[in-house]
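Asks: Dumping the structure here so I can ask a few things about it.
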Amino acid sequence: MEPAIGDGKNRVAEALWRVVARDGMTGVSVRTVAAEAGVTGGTVQHHFSTRAQMIHYAMELLAAQFTQRLSAKPRTGPTQDWTRAIMLELLPLTHERQREFKVWLAFTTQADTNSALAGLKKNFADELAALYQCLLRARATSSDSPSVLPREIDQSVESDAAILQAVIDGLSLQLADLSPAEAALRGPQLLDHYLSRVAR
């Protein structure tokens, strides 16, 4: 049975991720991606008529898979625990997630000179901003924070979410350069340190 079109496109996109992780965006071409995917250049061009289309799809797929992984995280039990678990999922604490982060960073850098990629970058940033606001609102209205009034939450959540996003982004840059073992140890420690300070 022939693979579905989506499967073929995803195979090419995943090969492109590996090329970017190894060689950067300058290493991406029909030839290099085809070789990485184990297919012919004609097969790649069957799915993507241009290099730009191939990169756009690969970035879009990476964002979609990341979003799906976050959406699959349980939102049950103590609020402080499940919101923390989602925040930790945002950090590159494993080899695979470090590679994912570096590839995404390469895509977003390319987006500075590519309007199509810039649109994907903005859409994903907006989704993350909404997620951070949701997490902070949940933490503030949980039974652990009974003294916080809803109006106070609404007035501060947007700014607090922007700060949290900056913290997560900064931590991610640091953790991506550590070994996976070091990242898995330091990431939770640093996140917990930040959360303990803002909870005061």
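The values are calculated or read from the model by the stated rules, or taken from the named source; none is laboratory data. Note that this is a predicted model, so its numbers are computed, not measured. Quick reminder, even Gly has a Cβ in these numbers, built from the backbone with ideal geometry, and neighbours come from all protein chains shown. Accessible surface is based on the protein model in full, side chains and every heavy atom, while ligands, DNA and RNA are left aside. Shrake-Rupley method; radii C 1.70, N 1.55, O 1.52, S 1.80 Å.
Asks: If we count every other residue with Cβ under 14 angstrom of residue 106's Cβ, Lys/Arg +1 and Asp/Glu -1, where does the sum land?
Replies: +2
Asks: Kindly provide log₁₀ I(q)/I(0) values, in the same order as q = 0.14, 0.18, 0.21, 0.25 Å⁻¹, from the Debye equation applied to equal alpha-carbon scatterers of region 1-64.
Replies: Once normalised to I(0) and log-transformed, intensities are -0.32, -0.54, -0.74, -1.06.
Asks: Next question. Kirkwood hydrodynamic radius of the chain from all distinct Cα pairs, in Å?
Replies: 18.5 Å
Asks: May I pose another question? For residue 22, what is the net charge nearby, where nearby means another residue's Cβ is under 12 Å from its Cβ and Lys, Arg count +1, Asp, Glu -1?
Replies: Charge balance in the 12 Å sphere: +1.
Asks: By a straight-distance test (C-alpha under 18 Å), which lysines pair with residue 121 as possible cross-link partners, with residues fewer than eight away in the same chain excluded?
Replies: Hits, sequence-local ones excluded: 102.
Asks: Can you give me the angle between helix 115-140 and the longest principal axis of the chain, using Cα atoms only, in degrees from 0 to 90, rounded to the nearest 10?
Replies: Between helix and principal axis, roughly 30 degrees.
Asks: Kindly provide the Kirkwood hydrodynamic radius of region 72-133 in Å, to one decimal, from all pairs of distinct alpha carbon atoms.
Replies: Result for region 72-133, one decimal place: 13.3 Å.
Asks: What size of dipole, in debye to the nearest 20, comes out for the chain about its Cα centre when the only charges are +1 on Lys and Arg C-beta atoms and -1 on Asp and Glu C-beta atoms?
Replies: So the magnitude is around 140 debye.
Asks: Go through 73, 102 and list them by solvent-accessible area, largest first, probe radius 1.4 Å.
Replies: Ranked list, largest accessible area first: 102, 73.
Asks: With runs of 4+ DSSP H residues as the only contributors, calculate the mean residue ellipticity of the chain at 222 nm using -39,500 (n - 2.57) per run, divided by the residue total and rounded to the nearest 500.
Replies: -25500 deg cm²/dmol
Asks: I've got another one for you. With every protein chain kept in the model, how would you rank 190, 185 by accessible area, 1.4 Å probe, largest at the top?
Replies: Greatest to least solvent exposure: 185, 190.
Asks: Could you look at region 37-171 and say what percent of its accessible area is carbon and sulfur, using a 1.4 Å probe and all protein chains?
Replies: The value for region 37-171 is 55 percent carbon and sulfur by accessible area.
Asks: Calculate how steeply helix 51-71 sits against the longest principal axis of the alpha-carbon atoms of the chain, using the helix alpha-carbon long axis, and give the answer as 0 to 90 degrees to the nearest 10.
Replies: With rounding to tens, the tilt is 30 degrees.
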